[in-house]
Amino acid sequence: MKTVRLPVAFMPLVDAAPLIIAQEMGFAEAEGISLDLIAAPSWSSVRDMLAFGRVDAAHLLSPVPVAMAMGLGGVSTPISAVSVLSVNGNVIGVGCAVEDRLRASGHAFDFSDPVRAAEALAEVRSGPLTFGVPFPFSMHVELLRYWCAGTALGAGGIEIRTVPPPLMADALVAGDIDAFCVGEPWGSVAVDQGAGALLLPGRAIWGFAPEKVLAVRTDWAETEPDLLGRLMRAVWQAGRWLSKPESRITAGEILSRKAYLDVAPELIDRALSGHLTVSGRGEQRCVETFLEFHRGAATFPWRSQAKWIARRLGMAHGLETAGALEEVARVFRADLHRRHLAVAGSDLPGASEKVEGAIRHATPVASARGGLSLLPDGFFDGCIFDPSEHV
Amino acid sequence: MPAGAELVSRESRLPRSVARANRWSMGAKLTVVVVEEDRDRAIAIVDALKDTIDCDVIVIADASGLARKIAAHAPDIVLIDIDNPTRDMLEELTLASGPLERPVAMFVSGAAGGLAQAAIEAGVSAYVVDGLSPERIKPVMDTAIARFSMVRQMRTELAETRRALEERKVIDRAKGLLMKAKGIDEEAAYALLRKTAMDRGRRVADVAEALVTASGLLG
């Protein structure tokens, strides 16, 4: 079989692992493709490279294709999210000034209770806290907004500002921001640089949040179904490999290379293992499902996830979404996912939507082979999001 | 202070969108913001723009609070290097309310199809205020594209030259080590390096580097 080269853009983050591993561990080759991985300097650059045909596929923030379908942001080329690349994996952290005040007030940095963390923050703040996030359309922003609105911080209690992740630690030190929400390894980098401490994992706010997606141009998906299938299967196999505990050391070494993340494997391992060092004092915290690439049908692009994102974006940007959500949610291509992965030995859910936040314990669900369990996906406030109530 | 900025401040009591609409109808100069921290590069771009287009150019070098700083100048066009990671900060601008206040990536402003591709290839991204006519955008973009790609090329060449020089130094040291250890002349030392590189499928510079490192370790 002739190997086809596919240019693919990614941001240097731990959750780009499925793409990097697909190429490095031979899963791409097994499908007769070779991924030309291009490290991008910014998310806007990833989006533009994809939209204007410089690359055929990209590692993208899950809300970006949804926002584009809603006409938010600069570019409106139709994009399809064909797989979820990673679930969870963000951290919320604070700079040293806030850390000191929190410690003085007795906060234990338990790295688990979002309600208590919010109360502690609300108590020590002197004005609205400024949070740095990597991009205006990101799960980071959505998690922060959801968390603030439902806690002592209050909906208007924080300001959100875009700061490129590699500059997050500097922005904390310079006082441009008080706190941040960022993907790994950048939270751990901030801790190791002595710029701050980690307060919560993203999954404490939403237990199973789609973080990054595998995105392609919708017209490319239509004209290149065979290549798309090969790409999706290679990436899915990589996710399965990554979910095995014995792969962790190798994965960390590969990701740490200069061409990829260019940070020490030890820092990358924290996200892969879910054992995080939350402060300069060396306090360790362990988090279940801190970052998930495979288990619980993690790769499945649930339309209900897209709908949740669309509804939150609509509320934040004053857009009327009633009657339009169904259409927007179709950028999460449950149909293509099922079509192309059925042959890869994956067990796929029978439905394309689920009630988000309703799963409290690992639950068996109807699936193609009958062996699929979904993992807990609760929101911290116990609310659920029923997609049939939002169309 | 650039004339464009002055005009905005005089009309500051009007909503900015009205001010801008007036400015265009009067055929006023374009205001272009260039985000670039390298001083020489910024000067090169400013000069090129001023030579071709009647416009006010403002350079912002420091990324801290970027979106706010840009908004304060109410530019018609914002130019930034595609490789600049602070570019994501500009995305906040695309969310500003009011149709005429909203800079959008040039790529959606209708006429820009091929221009967008060229801009991406050249490594420049532009945020253009919605509603600005394509005829006014094009010369700015053409100039920026040409200048950005020229500066980029010069940089790449400089980096290449530096690297080549570094490699030459390492190869010279490796040759010296071989000459001393094996009592051979310079030509034979180089031939040995080249043969080893070919046998191992590696570059001469890599083999030389390995030799220098190893000899350093062995003392």
Practice task
Return the total of residues in the stretch A:50-67 being closer than 29 Å to A:ALA324 by Cβ and either at the interface with chain B (Cβ under 7 Å from one of its Cβ atoms) or of a type in the set (Lys, Arg) (or both).
Solution key: 1
Handout entry: Checklist (1) in a helix (DSSP H, G or I); (2) open to solvent by less than 10 Å² (accessible area, probe 1.4 Å); (3) of a type in the set (Phe, Trp, Tyr) applied to A:PHE208, failing item
Key = (1)
Exercise for the section: Return the pairs, sorted by first residue and then second, in which the second residue is among the polar types (S, T, N, Q), the first residue lies in the stretch B:163-190 and is within 22 Å of B:LEU218 (Cβ to Cβ), the beta carbons are less than 8 Å apart, and the residues are 6+ apart or on different chains. Expected result: B:LEU177/B:SER215
Exercise for the section: Could you grab me the full set of residues in the stretch B:35-62 that are aliphatic (A, V, I, L, M) and touching a residue at least 60 places away in the same chain (Cβ under 8 Å)? Expected result: B:ALA44, B:ILE45, B:ALA48, B:LEU49, B:ILE53
Handout entry: Residue identified as among the charged types (D, E, K, R) and free of Cβ contacts under 8 Å to residues at least 12 places away in the same chain among A:GLU389, A:GLU288, A:GLU292, A:GLU326
Key = A:GLU389
Practice task
Could you tell me whether the stretch A:239-261 includes any residue that is touching a Leu at 6+ places or on another chain (Cβ under 8 Å), of a type in the set (Lys, Arg) and open to solvent by 10 Å² or more (accessible area, probe 1.4 Å)?
Solution key: yes
Practice task
Select, from A:ALA67, A:ALA22, the only residue that is in contact with a helix residue (DSSP H, G or I) (Cβ under 7 Å, 6 or more places away or on another chain), part of a helix (DSSP H, G or I) and modelled with pLDDT under 95.
Solution key: A:ALA67
Fill in the blank from the handout: Subset of the stretch B:64-80, residues facing chain A (nearest Cβ under 9 Å) and in contact (Cβ under 8 Å) with a residue 12 or more places away in the chain, comes to B:LEU66, B:ALA67
Handout entry: Selection count where residues are out of contact with any helix residue (DSSP H, G or I) (no Cβ under 7 Å at 6 or more places or on another chain) and farther than 24 Å from A:PHE379 by Cα, scope the stretch A:338-357
Key = 6
Problem - Filter result for the condition that a residue is modelled with pLDDT of 80 or more, open to solvent by 20 Å² or more (accessible area, probe 1.4 Å) and assigned by TED's automatic domain parsing to the domain that holds B:PHE148, over B:VAL35, B:VAL46, B:VAL78, B:VAL18 - result: B:VAL46
Exercise for the section: Search the stretch A:142-190 for residues being farther than 16 Å from A:GLY89 by Cα, aliphatic (A, V, I, L, M) and within 21 Å of the chain's Cα centre (by Cα), and hand back the single one that is modelled with the lowest pLDDT. Expected result: A:LEU167
Practice task
Hey, could you check the stretch A:153-185 for residues that are outside any strand (DSSP E or B), in contact with a Leu (Cβ under 8 Å, 6 or more places away or on another chain) and away from chain B (no Cβ under 13 Å) and say which is surrounded by the fewest Cβ atoms within 10 Å (Cβ to Cβ)?
Solution key: A:GLY157
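The values are calculated or read from the model by the stated rules, or taken from the named source; none is laboratory data. Treat the numbers as computed from the prediction; the structure is a model and nothing was measured. With ideal geometry, Cβ positions are generated from the backbone for all residues, glycine too; neighbour counts draw on all protein chains shown. Please note that ligands, DNA and RNA were not included when accessible areas were found on the heavy atoms of the full protein model with its side chains. Shrake-Rupley method; radii C 1.70, N 1.55, O 1.52, S 1.80 Å.
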